[in-house]
There are 2 protein chains.
Amino acid sequence: MSQSEIPIPAISDIESAYTLVQKYANQTPVLTSRNVNEILGCEVFLKCENFQKVGAFKFRGAINAVFSLSEVEAAKGVCTHSSGNHAAALALAAKLRGIPSYIVMPENAPAIKRKAVEGYGAIITTSKSTQADRENALANVQKKTGATFIHPYSNFNVICGQGTASLELLQEEPNLQAVLAPVGGGGLFSGTLTYVKGFNTNIEVWGAEPANADDAFRSLRDGVIYPSVNPNTIADGLRTSLAPITFEIISKKANGILTVTEEQIVDAMRLVWERMKIIIEPSSAVPVAAIMANRKLFEGKKVGVIISGGNVDVENLPF
Amino acid sequence: MSQSEIPIPAISDIESAYTLVQKYANQTPVLTSRNVNEILGCEVFLKCENFQKVGAFKFRGAINAVFSLSEVEAAKGVCTHSSGNHAAALALAAKLRGIPSYIVMPENAPAIKRKAVEGYGAIITTSKSTQADRENALANVQKKTGATFIHPYSNFNVICGQGTASLELLQEEPNLQAVLAPVGGGGLFSGTLTYVKGFNTNIEVWGAEPANADDAFRSLRDGVIYPSVNPNTIADGLRTSLAPITFEIISKKANGILTVTEEQIVDAMRLVWERMKIIIEPSSAVPVAAIMANRKLFEGKKVGVIISGGNVDVENLPF
């Protein structure tokens, strides 16, 4: 048992999750570019979760969590508070199981995100934007509906679902020498670590984080979970803090966390957009930026990168 | 023999071209999206030449033209005047054959395009920006070097090379009921018509053109080639006029040319960017816009679209 209330997943848990996830999720492509390889000085394999349903890896965890519920639990629905990709992923997963989803969104959430979540059939509750207000609103929804709260990352099934991206990546490219994933709350990074290190402990697994939201880097360094306080980064998916379960997995298994500047993030995003013609969100550019900023570490290696998603506001780009 | 000095290609010429082209070009993916299909009311298969080398279908024609030269011709190199994708494609094709390429670029060509062409090893001659100046500069280059002029579309081998995109598309999706391609000078559209109609005359083949650069539409309607005069369209690849050879092929084989407004082009570009997470250039959005604007024509059908390229200036987007 782990120090958190959630058990530490094993590679076999991700393999089990995959029997569920592969029924609903896209097997996303692994893309390479000679051009980008030349620029980065290593051979990079992008696992393109920007082509995943709802445009992000979050769909994997949501599917696994929703379809792991018992019939009785499922009948009451699922709920969460989020204004981002997890909300859309959970709403779509619930729709696919034919159960209700209840999403608490802050009143200042962009109309476009609200519309997306509504489009998947979720029932939205609007709350004030403070964390306390959102949690209160969620507690009320749970009390009223009996819906199961699916946390975006502090959840065993969610972490196992996110790990299936690495399963597919290594199925296609088993000889990788390093894998990088972005770190926000640590769900994706924990799933990545669990699968990749379980597959082959010799593969290096690095987290990548904005220097302006380096709470995971500092937490790992000091052995305590620091909250993410007013993170000022364009990588909007990486502003959250670690949970005890993700902190524990990352502390035990990661080779380290690399931090990058905002300028490096935008440069990396631009590189992928211009050279590979795919739309990746700023959070996805963070591990690419980490390779650019740590050339020596990856030189000549075969390096996998989990591209977390492609949801950007095209009217509000950093170029 | 055709009315132009260039013979009309047959489907077998495209098949021959493919033995060359496939050695050097990417076999680009054919992408679909349930989401986009729902919005467009038909089943759309995007042949993604934005993932082609140099970011555009132009590489296919350039490869075929360069590798079709005799040893003696090739030794003297190739030349063209262009500031766009054809210049980059020709430069890279020449580099791959190990022969020189000479590109005449107008002095007002964007520095970034110049750099791209230089990056492929081309020798650049700068001219004033009028058509006459560019043609004079090209004539001088030819006289001095003996290089073969490879026209961007009024060229048999170029047209055959462009047709190989349709060959790959129909290899993957033989049951298409309609295919659309954008129309600029008509090289891509001619190659598309030649292959698709040769494969199955029952497949409808439509050209798509900006209403603000509808010279091909008017030329087809009136049976004469109109020059493209001051075309004011965001679709920068579609501002050129037809040549006798492309006019003849299009007149004989096309089901028609559909025109779209600038607003429709931007909406279609945005749809593909947001829903499919791939970067397509405005010219590529034109046939997608044509489907949106002519819903009845394509309703419920399996429709192929040649996505011509993905070269956009990310600092200068229409959103």
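The values are calculated or read from the model by the stated rules, or taken from the named source; none is laboratory data. It should be emphasised that the depicted structure is a prediction, and the values quoted were computed from it without experimental measurement. Neighbour counts are summed over all protein chains in view; Cβ atoms, including those assigned to glycine, are modelled from backbone coordinates with ideal geometry. Calculation scope for accessible area: heavy atoms of the full protein, side chains included, ligands and nucleic acids excluded. Shrake-Rupley method; radii C 1.70, N 1.55, O 1.52, S 1.80 Å.
Check the stretch B:48-68 and report whether any residue there is without any contact (Cβ under 8 Å) to a residue 60 or more places away in the chain and hydroxyl-bearing (Ser, Thr, Tyr).
No: the stretch B:48-68 contains no residue that is without any contact (Cβ under 8 Å) to a residue 60 or more places away in the chain and hydroxyl-bearing (Ser, Thr, Tyr).
Name the residues in the stretch B:280-319 that are more than 16 Å from the chain's Cα centre (by Cα), modelled with pLDDT of 95 or more and open to solvent by less than 10 Å² (accessible area, probe 1.4 Å), would you?
B:289, B:290, B:291, B:298, B:303
Is it the case that some residue within the stretch A:263-279 is open to solvent by 10 Å² or more (accessible area, probe 1.4 Å), away from chain B (no Cβ under 14 Å) and either β-branched (Val, Ile, Thr) or free of Cβ contacts under 8 Å to residues at least 60 places away in the same chain (or both)?
Within the stretch A:263-279, the subset open to solvent by 10 Å² or more (accessible area, probe 1.4 Å) is A:263-264, A:266-267, A:270-271, A:274-277.
With the extra rule that they be away from chain B (no Cβ under 14 Å), the set shrinks to A:263-264.
Restricting the remaining residues to those that are either β-branched (Val, Ile, Thr) or free of Cβ contacts under 8 Å to residues at least 60 places away in the same chain (or both) gives A:263-264.
Among the residues of the stretch A:263-279, at least one is open to solvent by 10 Å² or more (accessible area, probe 1.4 Å), away from chain B (no Cβ under 14 Å) and either β-branched (Val, Ile, Thr) or free of Cβ contacts under 8 Å to residues at least 60 places away in the same chain (or both), which makes the answer yes.
So which of B:240, B:233, B:246 ends up being under 30 Å from residue B:316 (Cα atoms), open to solvent by less than 10 Å² (accessible area, probe 1.4 Å) and among the hydroxyl-bearing types (Ser, Thr, Tyr)?
B:233
For the stretch A:187-244, name all the residues that are at positive phi and modelled with pLDDT of 95 or more. Spell out how you get there, then give the answer.
At the first step, the residues of the stretch A:187-244 found to be at positive phi are A:223, A:230.
Passing the criteria: only A:223.
Just for helices (runs of 4 or more DSSP H) wholly inside the stretch A:28-91: which have at least 3 residues that are surrounded by 24 or more Cβ atoms within 10 Å (Cβ to Cβ) and of a type outside the set (S, T, N, Q)?
It comes to A:58-67.
Name the single residue, out of those in the stretch B:4-20 being acidic (Asp, Glu) and surrounded by fewer than 17 Cβ atoms within 10 Å (Cβ to Cβ), that is modelled with the highest pLDDT.
Going through the qualifying residues, I end up with B:15.
Test residue B:194 against the stated conditions and say whether it is under 20 Å from residue B:85 (Cα atoms), surrounded by 22 or more Cβ atoms within 10 Å (Cβ to Cβ) and polar (S, T, N, Q).
In short, no.
For residue B:288, only one of the following conditions fails: (1) touching a helix residue (DSSP H, G or I) at 6+ places or on another chain (Cβ under 6 Å); (2) within 23 Å of residue B:167 (Cα to Cα); (3) within 14 Å of chain A (Cβ to nearest Cβ). What is its number?
Unmet for residue B:288, out of (1) touching a helix residue (DSSP H, G or I) at 6+ places or on another chain (Cβ under 6 Å); (2) within 23 Å of residue B:167 (Cα to Cα); (3) within 14 Å of chain A (Cβ to nearest Cβ): (3).
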